[in-house]
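My questions all concern the structure below.
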Amino acid sequence: MNPRIRAVHDMGVPEAREYAGLHDYDGTIQDLSPTGVAAGLARLGKGPAEADSHDEAHLVAAEARNRILYGTAEVHRWNPGYHLSNLDLASYDREYAPAAQRDEARRAHLALWPDAVDAAVSALDQMTAPVARSLLPAATGLGAFLPGDESAPEPARALQRLVAHIQRAAEEGSPDPALGSTLLSQLLGQTEATSVDLARLEVTAEREAERLMGVLTEACGRLEPGAKVAEVVKRLSADHPDADGVAGEAERLIAEAGDFAVGAGLLPALEGECRVGPAPESRRTAMAMMSWSAPYEEDAPSWYYVTPPDPSWSAEDQEAWLEVFSYTTLPAITVHEVTPGHFAHGRMLRRARSDVRRGLFFDAFIEGWAHYAEELMMEEGFRAEDPRYTIGVCIEALVRVTRLKASLGIHSGTMTVDDATRAFEESAFLSGPAARSEADRATYDPTYGRYTWGKLEILRLRDEAVAAWGERYSHLRFHQALMALGAPPLGLIGDILS
């Protein structure tokens, strides 16, 4: 592997291990101390250029992203999420290798928790109270990885120190999580090999929200003529599986969506197994997520994680959380997470032709593709006889576009977390802890508007491909061309037309 590529992976060890499948990182941690980060930055860019022009531009963008994240934004100093990922042991649960090998890696990794916590405590000197409060449950959830027999006292004490450090920031840190418009613009644009005008992006978000409400209104009218949209959505949201039934319903949807996507010529036939189960406790800040069989590892089942409500919550809050997995929205969530979304993308990454394309991933493309997949299936007639699929797609899309607006508002200082919570309640039909969780996420994941942004950039490129290719255009050709790039920065996706 080109040492330049390896230097990029060294600055994203948890992602390289789990999502690229580079298991030489098993049983190791990333040095996220101030000196470790400085050393990692110094190693970037030292090595030969890639022969392929796209791969070279893709690699340069990955190096620039690390310089922005760690050098300019200094995420290791204010975002405990990076440190929590460094401690997370859930990646060893997937069956990519014999159990004994994975267990040994897990034990070695756990033994390094004290070192990782030392680095975290030394680095995390700029946490704001909202960020700390938002991620404190995830930090506490890491305790689920500790053996129940108290045979790992040092890792246990280390975790206690980290939780206490985050707790202090939650109580004493600055109440203002805003990064500022300049830094947010850099995080959005320069990490994606492009430039971003935040004012223009805000207008785009408003227009997309209006478009989605129009589609939603029409679909609700087909389902219940004359009824108000909010009333239809409320009734549909209340119709959901119980906490134990979400996984079973998701499993049924996987086969249906996969068969449709291949039959409609959206993707080639894809092999591989996708299982459904509850998210690990350390990852329950996200309601649903995919952990795919990664490009560099032997094939193994991927996991579609769904997050159940916390049983300690009130019955009302548990009900509000389960509304996210209603029979109306769960199909769109499953399309996003599985096929043609993340699981399908992961299968295609295994076919990528270079180390750059197989292992250097950009989030706006990954999430934009999966979000695009939801609307693509609607366009192509998935469950066309049932307006609820369109309604579900619109509800999910309104959550994503509200994320973009919340991120722009919170980090430019024009919106508080409470304002963002109300926006998710009023514009995205969320309530209770689900709305608050989405608003909180903006504080530590400032680019989570990438879902809508990435989707819109893919749709824009599709229009260009239709115009350029004419009768030679097909969805299959367009999608395979995109997937052949791996998971590129948005600024480079146009290379499929050159």
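The values are calculated or read from the model by the stated rules, or taken from the named source; none is laboratory data. Everything quoted here is computed from the prediction, not taken from an experiment. A quick note on method: Cβ atoms are made from the backbone with ideal geometry, for glycine too, and the neighbour counts reach across all protein chains shown.
Scanning the range 442-476 for residues that are surrounded by fewer than 18 Cβ atoms within 10 Å (Cβ to Cβ) and in contact with a Phe, Trp or Tyr (Cβ under 7 Å, 6 or more places away or on another chain), which turns out farthest from residue 377 (Cα to Cα)?
My answer is 466.
Then there's this: Is there a residue in the range 437-448 that is under 20 Å from the mean Cα position of the chain (by Cα) and closer than 23 Å to residue 57 by Cα?
yes
Might you let me know whether the range 25-36 holds any residue that is under 24 Å from the mean Cα position of the chain (by Cα), buried (at least 16 other Cβ atoms within 10 Å of the Cβ) and among the aromatic types (Phe, Trp, Tyr)?
The answer is yes; a qualifying residue exists.
May I ask you to verify whether residue 322 is crowded, with 23+ Cβ neighbours inside 10 Å and part of a helix (DSSP H, G or I)?
No, not satisfied.
Considering only residues that are crowded, with 17+ Cβ neighbours inside 10 Å, hydrophobic (A, V, I, L, M, F, W, C) and over 15 Å from residue 475 (Cβ atoms), which ones fall in the range 252-269?
Passing the criteria: 253, 254, 257.
Per-residue answers, yes or no, for (1) under 18 Å from the mean Cα position of the chain (by Cα); (2) more than 25 Å from residue 232 (Cα to Cα); (3) at pLDDT 95 or above:
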{"position": "301", "(1), (2), (3)": "no, yes, no"}
{"position": "305", "(1), (2), (3)": "yes, yes, no"}
{"position": "317", "(1), (2), (3)": "no, no, no"}
{"position": "322", "(1), (2), (3)": "no, no, no"}
{"position": "327", "(1), (2), (3)": "no, no, yes"}
{"position": "338", "(1), (2), (3)": "yes, yes, yes"}
{"position": "342", "(1), (2), (3)": "yes, yes, yes"}
{"position": "345", "(1), (2), (3)": "yes, yes, yes"}
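Sticking with this one: How many residues does the range 408-444 contain that are touching a residue at least 60 places away in the same chain (Cβ under 8 Å), polar (S, T, N, Q) and farther than 17 Å from residue 129 by Cα?
3
Considering only residues that are within 29 Å of residue 436 (Cβ to Cβ) and of a type in the set (Asp, Glu), look in the range 367-409 and name the one that is surrounded by the fewest Cβ atoms within 10 Å (Cβ to Cβ).
Result: 375.
Need pairs with beta-carbon distance below 8 Å; first residue touching a residue at least 24 places away in the same chain (Cβ under 8 Å) and of a type in the set (Gly, Ala, Ser) and within the range 142-156, second surrounded by 10 or more Cβ atoms within 10 Å (Cβ to Cβ) and outside any helix (DSSP H, G or I); sequence gap 6+ or separate chains.
Filtered contacts from the range 142-156: 144/280; 152/146.
Which one of these is modelled with pLDDT of 95 or more and not in a helix (DSSP H, G or I): 470, 486, 454?
None of the others qualify; the one that does is 486.
Please verify whether residue 70 is in contact with a Gly (Cβ under 9 Å, 6 or more places away or on another chain), assigned to a loop (DSSP other than H, G, I, E, B) and either exposed (fewer than 15 other Cβ atoms within 10 Å of the Cβ) or not hydrophobic (A, V, I, L, M, F, W, C) (or both), treating the condition exactly as stated.
No, not satisfied.
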